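The values are calculated or read from the model by the stated rules, or taken from the named source; none is laboratory data. The shown structure was predicted, so the numbers you read here are calculated from the model rather than taken from an experiment. Note: ideal-geometry Cβ built from the backbone for every residue, glycine included; neighbour counts use all protein chains shown. Calculation scope for accessible area: heavy atoms of the full protein, side chains included, ligands and nucleic acids excluded. Shrake-Rupley method; radii C 1.70, N 1.55, O 1.52, S 1.80 Å.
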Amino acid sequence: MVDVMSEGFKARDIGLRAQKKILSRMANKNVAKVFIDDTTASLLDNVYKLAKAYSGNKKEAEKLVKNIIKMVIKLGVLYRNGQFSSDELKQAERFKGRFHSAAMAVVSFYEVDFSYDRHYLLSALNESRAAIRQLVQRHLTDKSLARIDYVFGFFANPNFLDAVFKKDSDYRDILGRIVADMNRAMDEGGM
């Protein structure tokens, strides 16, 4: 009789890889609504509108939101399947704290005139990117890590930040909707 376990075959590992693969191929609005609540869906819709308005490129805006959805779903699958070590869970808390600080800064910069601090926001976004990459590097492929870089690279672009947060910005209305969604998500404990 062959000892299957000594061959390195684990159905759980294959099942997890299959979930990640399937979910990454299905990251569209309809599937996202199964995994993402209404507040987050509204937030992502408004992020799409902002990205499209800023870039003038529908495909780039779609790619950005799809990459965000894929990241969120993959993180959720890894977490729900207990794939993170205790050190990685500590890293997840660091990411959550840093990302929450970045989100709070966005809200503050929108709500309080003349409070925009590009250096602070860039630092918070870049620290968030480093923390999430460290968290998932042993679990996800280079392609998924590149998605993380793409998403954070878009938002950590100084020209983008300056355009969005300048006084009398063309994007103020969309940013207001994003901030409202972010406030709602924080109130609901989702951010």
Please compute the modelled spin-label separation between residue 41 and residue 177, points set 7 Å along Cα→Cβ, answer in nm with one decimal. 1.5
Please compute the contact order of the range 51-191 in relative form: average sequence separation of alpha-carbon pairs under 8 Å and at least six residues apart, divided by the residue count, as a percent. 27
Share of the range 11-188's accessible area from carbon and sulfur, percent, 1.4 Å? 51
Placing each pseudo-label 7 Å from Cα in the direction of the beta carbon, residue 163 and residue 117 end up separated by a distance in nanometres of 2.5
Ranked from highest to lowest mean number of other Cβ atoms within 10 Å per residue, what is the order of the peptides 80-87, 153-160, 121-128? 121-128, 153-160, 80-87
Taking only the alpha-carbon positions of the range 11-188 as identical scatterers, the Debye log10 I(q)/I(0) at q = 0.10, 0.12, 0.13 Å⁻¹ comes out as -0.39, -0.57, -0.67
By average C-beta atoms within 10 angstrom, highest first, the peptides 91-102, 59-70: 59-70, 91-102
